[in-house]
Amino acid sequence: MDSKNAKEMIARRIAKELKDGDVVNLGIGLPTMVANYIPEDISVTLQSENGFVGLGTAPKDGEVDKDIVNAGGQPVTINQGAAFFDSAVSFGIIRGGHVDATVLGALEVDQQGNLANFMVPGKMVPGMGGAMDLVSGAKKVIIAMLHTAKGAPKILKKCQLPLTAVGKVNLIVTELGVMEVTPNGLVLQEIAPGVDLEEILRGTEADLIISDNLKVIQD
Amino acid sequence: MNKIKDINEVVEHIKDGMTLMIGGFMATGTPEGLIDAILEKGVKDLTIIANDTGLIDKGIGKLVINKRVKKVIASHIGLNPETGRQMNAKELIVDLVPQGTLAEQIRCGGAGIGGFLTETGVGTIVEEGKQKMKIGDKEYLLELPLRADIALLRGSVVDKQGNIFYNASTRNFNPLMATAADLVIVGAEKIVEVGELDPNHVMTPGIFVDYIVGGEE
């Protein structure tokens, strides 16, 4: 599977986790793609942590409003019923448990639900932005990422990079499968069509518990 | 009291070594005209409190690339690689703060609140040097308020009394910073007469604002 198809598959699977009425914050990059696959029969409100709910699609040519940007600083549109607010309210929404789910990328994630996604010391230090608050405050934290970094496992026994948050990850969705962080450990709940278990185990450093009820990801 | 001033007059208040809060998010809602005036005046060794350091050629990025900044307190510096370069070369001190914590620190600074407890950052490098408190079975970090010498805001519509309306996502940190500095200057996209701005639409009451300059685009 090429990277584009893999990312689409991940986004499509995560969209199925969302429920009617949910308030959801999507990170930049792959997580943003989830918005394209939200089922038509449910209504999901997207939050943009720079200060609004009701985030819409990317603007068409001639539709750009310089005053409406997303958390990556890119021009976006808003839907009818949207609302703007300041950064204190925005993070009150996030820390206060008013965000039902957040979808974020990861550099590393481990079997205790720890997440590292904001810096590589000495190399990449962009800052955490809103990620630490989101991971601490959202009711459900979903990680969207390719299973490995060029073959090197990203799902580990223990994160090595500086942590974004401790024990807050609930679900990891990759192009190979769906893994849930449980009190007993990391459980493989679903496997992608055509992928064999060996391939997942090879690409995973964490101890992976195979669910008794292992399913194939439904497209 | 006439709050409307010439931009060259207001930047006289900004001096070497001061701490400035600057509104905006990736330069959206940042007063570009005020930043240009600071550059022109030649102020240096500034401490900047802001969400981010803008882009290389936009917003706070212009102050960084022209080496006017000695310290940055921000949540994100990734869109302006020059900030990271100066940080790695030890030319610039950068304190990275989670965005929600930064917003609340500024709100507290302006609201007379001595600090607040948050779960954000517990178990991460953010907790280094901070007091941890256990309330019930939850662990929190004690975060302290932030204030500045001067806040630079960008308003979409500002009346002559300093009442501000911020359009769309330009609001972000601006109304918080308006409350948390000794001197508050707003760069206005549009200045209107008192009475033209519906009091229901005022997001920063004019009592917080000292000076108004025009010319924001």
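Readers should treat all values here as calculations from the given coordinates under stated rules, not as data from a laboratory. Bear in mind that the values here come from a model prediction, so they are computed numbers and not experimental data. Here Cβ is always computed from backbone atoms with ideal geometry, including for glycine, and neighbour counts include all displayed protein chains.
For the range B:110-176, applying the loop criterion from DSSP together with a ceiling of 14 other beta carbons within 10 Å to the GluC sites (Glu not before Pro) yields B:Glu128. Spatially, the range B:40-85 and the range A:16-82 are offset by 29 Å when compared through their Cα centroids.
The C-alpha atoms of chain B define a longest principal axis, and helix B:99-111 lies at about 60 degrees to it. Relative contact order for the range B:31-92 using alpha-carbon pairs under 8 Å, separation at least 6, rounded to a whole percent? Reported relative contact order: 33 percent. With only Cα atoms counted, the range A:151-217 has Rg and Dmax values of 11.9, 35 Å. Between B:Lys190 and A:Ile210, how high is the FRET efficiency from 1/(1 + (r/R0)^6) when r is the Cβ-Cβ distance and R₀ = 45 Å? Nearest 0.05. According to the calculation, E is roughly 0.10.
Rounded, prolate or oblate for the range A:78-160? Axes are the square roots of the Cα gyration tensor eigenvalues, ordered a ≥ b ≥ c, and the cut-off for rounded is a/c under 1.5. Prolate shape, in that a/c is at least 1.5 and a/b is the bigger ratio. Note on the range B:146-195 and the range A:193-219: Cα centroid distance 54 Å, given to the nearest whole angstrom. Derived scalar couplings between HN and Hα for the range B:188-193 equal 9, 6, 9, 9, 10, 5 Hz in order, rounded to whole Hz, by the Karplus curve 6.51 cos²θ - 1.76 cosθ + 1.60 (θ = phi - 60°), x for Gly and Pro. In terms of overall dimensions, the protein assembly as shown has a Cα radius of gyration and Dmax of 22.6, 76 angstrom. Per residue, chain B reaches -5000 deg cm²/dmol at 222 nm when only DSSP H runs of four or more residues are counted, each adding -39500 (n - 2.57). In chain A, the calculated helix contribution to ellipticity at 222 nm averages -4500 deg cm²/dmol per residue, counting -39,500 (n - 2.57) for every DSSP H run with n ≥ 4.
The relative contact order of chain A comes to 18 percent, based on Cα pairs under 8 Å that sit 6 or more residues apart.
Relative contact order, whole percent, for chain B stands at 22, derived from Cα pairs under 8 Å and 6 or more residues apart. Taking only Cα atoms, what is the 0 to 90° angle, nearest 10, from helix B:32-41's long axis to the longest principal axis of chain B? Around 90 degrees separate the two axes.
Need one word for the range A:1-128: rounded, prolate or oblate. Basis is the Cα gyration tensor (sqrt eigenvalues a ≥ b ≥ c); a/c below 1.5 gives rounded, then a/b vs b/c decides. Rounded, because the longest to shortest axis ratio a/c is under 1.5. A dipole drawn for the range A:1-87 from +1 and -1 charges on Cβ atoms has a positive end, and of A:Tyr37, A:Gly54, A:Thr77 the residue lying farthest that way is A:Tyr37.
How about the range A:1-87: which GluC sites (Glu not before Pro) there are in a DSSP loop, with at most 13 other Cβ atoms within 10 Å of their Cβ? The qualifying sites are A:Glu40, A:Glu63.
Can you list the trypsin sites (Lys or Arg not before Pro) in the range A:30-121 that are in a DSSP coil and have 13 or fewer other beta carbons within 10 angstrom? Intermediate results must be reported in sequence, preceding the final value.
Values: sites: A:Lys60, A:Lys66, A:Arg95; in loops: A:Lys60, A:Lys66.
The qualifying sites are A:Lys60, A:Lys66.
For the range B:198-217, the residues whose backbone nitrogen is under 13 Å from a point 7 Å from the Cα of B:Met1, taken along Cα to Cβ, are B:206-212.
Once the Cα atoms are used to define both axes, helix A:3-15 deviates from the longest principal axis of chain A by about 70 degrees.
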